[in-house]
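Working notes for the structure below.
The values are calculated or read from the model by the stated rules, or taken from the named source; none is laboratory data. Note that the coordinates shown come from a computational prediction; the quantities given were computed from them, not determined experimentally. Cβ: placed from backbone, ideal geometry, glycine included. Neighbour counts: every protein chain shown. Areas reflect the complete protein model, heavy atoms only, side chains present, ligands, DNA and RNA absent. Shrake-Rupley method; radii C 1.70, N 1.55, O 1.52, S 1.80 Å.
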Amino acid sequence: LSAGRMVGLAAVVSTSMLQTADYANRFFPNLPHMVLIVPIIIAVIACGLFGILNGFLVAKYDMHPFIATLAVQVMVYGANSLYFDMEPNKSQPIGGVRPDFVLLGQKKLLAIGDFPGISVLVPIAICFVLLVWFILNKTVFGKNVYAIGGNREAAVVSGVNVFKTIMGIFILASVLYGVAGVLEAARTAGATNNYGNGYELDAIAACVLGGISMTGGVGAVSGTIFGALVIGIISNGLNLIGLSSFWQLVVKGLIKVSSSLSRLRSICRNTEKNKRC
């Protein structure tokens with residue numbers, strides 16, 4: 001549940017250090033020119049610290065992930081808002097972003113003739129999809145993730161280091177949130193502390209549509225991608241027909257409910273608990 005707010009944190013932190021020298025309302029007026037990768041790394045590390053907090057609460061104190069990440073969500077938004085409200089910015093939208101940073105989110109590839117090209121975000125997304133697929137399917141860590149999601153007690157008995165694995169899950173997730181926030185800021189050439197608001201709900205919807213179990217142990221990267229594409233296409237379609245953003249929330253809620261009911265019926269058909277279902 002802290003995913004969206006971490007996106008906003010990374011967007012604000014990165015853009016605050018990557019403004020042009022001649023911009024009138026610079027976040028840090030006396031900040032010298034920095035190598036592009038440095039503010040990006042700082043933004044990702046900032047998200048990683050909150051990922052460590054998420055993991056520690058869940059792994060050390062056995063707190064339910066929804067409760068832990070909900071608490072951290074509020075903390076991240078508060079910390080980001082305090083940073084965003086610093087002098088001399090005082091909660092003004094961050095603009096004047098450097099062109100080299102904007103290229104990370106707006107550059108077009110293979111633009112030939114009438115072909116408009118492909119956004120640079122597409123190959124970047126594919127690279128991260130392949131990376132996560134490899135981690136989950138070809139590493140011991142990935143196998144341990146599925147084992148803990150399926151049955152935590154059984155994983156402990158099998159010798160899985162549950163504490164380290166859960167910490168790794170949340171740290172990896174927070175790093176990916178940070179990268180997403182940086183790319184979102186580059187795509188829009190600016191940032192505010194409200195960036196990423198509600199993104200976690202779309203992420204949950206994408207997972208549910210993709211067949212990922214909310215109780216853990218079941219799911220695949222391909223399913224998540226499918227769910228994300230469906231949510232993206234639906235959102236874009238609703239925007240194209242001019243449907244109110246409030247009605248869009250209603251539609252997305254109905255999608256989550258219907259997909260959950262469909263999955264429940266599928267489970268009932270494959271178990272001996274049909275009467276209870």
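Structural remarks
- Close contacts from the stretch 59-73, counting a first residue that is free of Cβ contacts under 8 Å to residues at least 24 places away in the same chain and a second that is open to solvent by less than 100 Å² (accessible area, probe 1.4 Å) and assigned to a helix (DSSP H, G or I), with Cβ to Cβ under 7 Å and a gap of 6+ residues or different chains, come to MET63/LEU57; PRO65/VAL58; ALA68/ASN54; ALA68/LEU57; ALA68/VAL58.
- One residue stands out in the stretch 117-153 among those that are among the small types (Gly, Ala, Ser) and free of Cβ contacts under 8 Å to residues at least 12 places away in the same chain: the one that is farthest from SER213 (Cα to Cα), namely GLY117.
- Selected residue (only one of VAL257, VAL250 is over 21 Å from the mean Cα position of the chain (by Cα), modelled with pLDDT of 85 or more, surrounded by fewer than 14 Cβ atoms within 10 Å (Cβ to Cβ) and hydrophobic (A, V, I, L, M, F, W, C)): VAL250
- Scanning the stretch 76-105 for residues that are farther than 25 Å from LEU121 by Cα, open to solvent by less than 50 Å² (accessible area, probe 1.4 Å) and aliphatic (A, V, I, L, M) yields a total of 2.
- Selection within the stretch 28-54: residues that are open to solvent by 40 Å² or more (accessible area, probe 1.4 Å) and among the β-branched types (Val, Ile, Thr). The member of this set that is farthest from the chain's Cα centre (by Cα) is VAL35.
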